[in-house]
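What follows is a single structure, written as structure tokens, with notes after it.
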Amino acid sequence: MYSDIENVRKWGSWNFSNSNPLIIAGPCSAESEQQVLNTAKKLKANGKVDIFRSGIWKPRTRPGQFEGIGHQALEWLQNMRKEVGLPFVVEVANSHHVEHALAASADALWIGARTTVNPFYVQEIAESLKGTKIPLLVKNPIHSDLGLWIGAFERFDKSGIKNLAAVHRGFYASNSAPYRNDPKWEISFDLRRLAPEIPIICDPSHIAGTSGLVEQIAQVAMDIQMDGLMIEVHPDPNQALSDAEQQITPKQLESLLESLTTKSKYVTPLELQKLISEQRKILDNLDSRVVKLLEKRMKIVDELGHIKANNKAGIFQMERWFDLLKQRGSQARELGLNEDFINDLFQIIHKYSVEHQTGIYQGLRSDE
Ligand code: PEP
Ligand code: MN
């Protein structure tokens, strides 16, 4: 889709991939010059951190909470870069933020989840970035609308911003327990399928919502081939002015990065590879039979559609639908299969069957 964004995994001196993940770390918010310096020194000493992050304009859900230091904190970040030697990334949510961040020569920018949801803001930011080469990270929108995420990339791409990456930070859901945000990994799989050129960085902190879950989420991100991590780190998380529960200490980050298994560390013995590929062959064969069966099923759906249409019978019959779900549900139970799985599967099959039959009705109606 984005033919120009070919080498996005190379941003100047940053060359990253799943085997060499880009590590972005730092506090949720810049709180004081001392906190910025102190955290950055520890992260630099770690040796694995590429970029220092900190929010300076904080999009808070409710007013009255700490809303960030504002553009004054850019000076702290510039001093930190000079003294410690770490590049920095900040969040921007409108063209004023962009102006300030560019004037301070920020090394990269990120767009927050509350901004990606709004095409007006995305467009405004895209316009204000025209002509720059700054790397830009785009967080997923708060809710799981892949179109909005893709739309943001399209807007930036059209404005000539080519150093792009996605940040997967999870999605709002009323039942996201045990996480703060539901990871819905499948949305990132879809993004990768549609735009494989765009690297995906995981933000386990905002998915987790609590520090104890950060490490396991970071590992999942590596297992599914993501290209980097953005992790919130605070020298004293309990005292943090925002997102206190989910921040980890520089020491905890060190141990997390130490135990992280990235692609370069996996060794698959030959025997195991053989075993896996044998089982995959069997799965491929079964999947192909499933698709052929679905094709046969669709032919019957088609015949049935014509019978219904010719006799002016309704397409959707509620009792029949409930009966189908009941029958397949009890079959699933007997076979020890997850009933929800079979239920979800038939919802999709049914949706496309109804769509097909509706097409037949519309065809006949236009012939009349
Ligand atoms: C953040 O990174 O601190 C932040 C506000 O993130 P998000 O936009 O993902 O909520
Ligand atoms: Mn945060």
Checking Lys265 against (1) open to solvent by 70 Å² or more (accessible area, probe 1.4 Å); (2) within 21 Å of the chain's Cα centre (by Cα), only one condition comes out false. Which one? (2)
Out of Ser17, Ser13, report the one residue that is open to solvent by 60 Å² or more (accessible area, probe 1.4 Å) and either in contact with a strand residue (DSSP E or B) (Cβ under 6 Å, 6 or more places away or on another chain) or of a type in the set (Ser, Thr, Tyr) (or both). Ser13
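Of everything in segment 46-67, what is within 13 Å of ligand 2 (Cβ to nearest atom) and either aliphatic (A, V, I, L, M) or at pLDDT 95 or above (or both)? Give them in sequence order. Full working, then the answer.
Taking segment 46-67 first, the residues within 13 Å of ligand 2 (Cβ to nearest atom) are 53-61, 65-67.
Within segment 46-67, Arg53, Ser54, Gly55, Ile56, Trp57 qualify.
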Quick one: how many residues across segment 36-54 are part of a helix (DSSP H, G or I) and within 19 Å of Ile201 (Cβ to Cβ)? 2
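Against the definition (within 15 Å of ligand 1 (Cβ to nearest atom) and either outside any strand (DSSP E or B) or in contact with a Phe, Trp or Tyr (Cβ under 7 Å, 6 or more places away or on another chain) (or both)), how does Trp57 come out, yes or no? Walk me through how you get there before you give the answer.
Working: within 15 Å of ligand 1 (Cβ to nearest atom): yes; either outside any strand (DSSP E or B) or in contact with a Phe, Trp or Tyr (Cβ under 7 Å, 6 or more places away or on another chain) (or both): yes.
Criteria met by Trp57.
Do we have any residue at all in segment 10-32 that's away from ligand 1 (no atom under 16 Å from the Cβ) and of a type in the set (A, V, I, L, M)?
As a first pass, look at segment 10-32 and keep what is away from ligand 1 (no atom under 16 Å from the Cβ): 10-21, 32.
Now restrict to residues that are of a type in the set (A, V, I, L, M): none.
Looking for residues that are away from ligand 1 (no atom under 16 Å from the Cβ) and of a type in the set (A, V, I, L, M), one finds none in segment 10-32, hence no.
So, of the residues in segment 139-153 that are open to solvent by 30 Å² or more (accessible area, probe 1.4 Å) and free of Cβ contacts under 8 Å to residues at least 40 places away in the same chain, which turns out to be farthest from ligand 1 (Cβ to nearest atom)? Outline the logic, then answer.
Residues of segment 139-153 that are open to solvent by 30 Å² or more (accessible area, probe 1.4 Å), as a first pass: 142-148.
Checking which are free of Cβ contacts under 8 Å to residues at least 40 places away in the same chain leaves us with 142-143, 145, 147-148.
Working: Ile142: 8, His143: 12, Asp145: 15, Gly147: 18, Leu148: 13 Å.
The qualifying residue farthest from ligand 1 (Cβ to nearest atom) is Gly147.
Is at least one residue of segment 233-250 more than 21 Å from Gly55 (Cα to Cα), surrounded by fewer than 22 Cβ atoms within 10 Å (Cβ to Cβ) and within 16 Å of ligand 2 (Cβ to nearest atom)?
no
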Look at segment 150-176 and say how many of its residues are touching a Ser or Thr at 6+ places or on another chain (Cβ under 6 Å) and under 16 Å from Asp227 (Cβ atoms). 1
Please verify whether Ile111 is hydrophobic (A, V, I, L, M, F, W, C) and within 24 Å of Pro237 (Cβ to Cβ), treating the condition exactly as stated. no
Scan segment 67-104 residue by residue and report those that are under 22 Å from Val117 (Cβ atoms), touching a residue at least 24 places away in the same chain (Cβ under 8 Å) and not β-branched (Val, Ile, Thr). Gly68, Glu91, Ala93, Asn94, Ser95, His97, Ala101
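For a quick check of your reading: which helices (runs of 4 or more DSSP H) sit entirely within segment 163-266 and have at least 2 residues that are over 30 Å from Gly151 (Cβ atoms) and in the same structural domain as Asn15 (by TED's automatic domain parsing)? Talk me through it step by step, then tell me what you get.
Values: elements: 185-194, 204-208, 214-223, 250-259.
It comes to 214-223, 250-259.
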Keeping to segment 251-262, report how many residues are surrounded by 17 or more Cβ atoms within 10 Å (Cβ to Cβ) and either acidic (Asp, Glu) or in contact with a His (Cβ under 9 Å, 6 or more places away or on another chain) (or both). 1
Matching option when the condition is without any contact (Cβ under 8 Å) to a residue 12 or more places away in the chain and of a type outside the set (S, T, N, Q), among Asp302, Asp323: Asp323
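Quickly run through segment 207-232 and pick out the residues that are within 16 Å of ligand 2 (Cβ to nearest atom) and either closer than 16 Å to Asn20 by Cα or buried (at least 24 other Cβ atoms within 10 Å of the Cβ) (or both). Even if it seems obvious, please write down each step before you answer.
First, pick out the residues of segment 207-232 that are within 16 Å of ligand 2 (Cβ to nearest atom): 207-211, 213-214, 217-218, 229-232.
Passing the criteria: Ile207, Ala208, Val214, Ala218, Leu229, Met230, Ile231, Glu232.
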List every residue pair whose Cβ atoms lie under 8 Å apart, where the two residues are 6 or more positions apart in sequence or sit on different chains, the first residue falls within segment 243-257 and is without any contact (Cβ under 8 Å) to a residue 12 or more places away in the chain, and the second residue, located anywhere, is within 16 Å of ligand 2 (Cβ to nearest atom). Ala244/His234; Ala244/Pro237; Ala244/Asn238
Subset of segment 118-138 [open to solvent by 10 Å² or more (accessible area, probe 1.4 Å) and either under 16 Å from Leu194 (Cα atoms) or touching a helix residue (DSSP H, G or I) at 6+ places or on another chain (Cβ under 6 Å) (or both)]: Tyr121, Gln123, Glu124, Ser128
Taking helices (runs of 4 or more DSSP H) that do not extend beyond segment 84-132, which have at least 3 residues that are within 16 Å of ligand 2 (Cβ to nearest atom)? 113-116
More than 24 Å from Val36 (Cβ to Cβ) and at pLDDT 95 or above - does that describe any residue in segment 81-90? no
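The values are calculated or read from the model by the stated rules, or taken from the named source; none is laboratory data. The structure presented is a predicted model; accordingly, all values stated were derived computationally and were not measured. Positions of Cβ are backbone-derived with ideal geometry, glycine not excepted, and every protein chain shown enters the neighbour counts. For the accessible areas, the whole protein counts, side chains as well, though only heavy atoms, and no ligand, DNA or RNA atoms are used. Shrake-Rupley method; radii C 1.70, N 1.55, O 1.52, S 1.80 Å.
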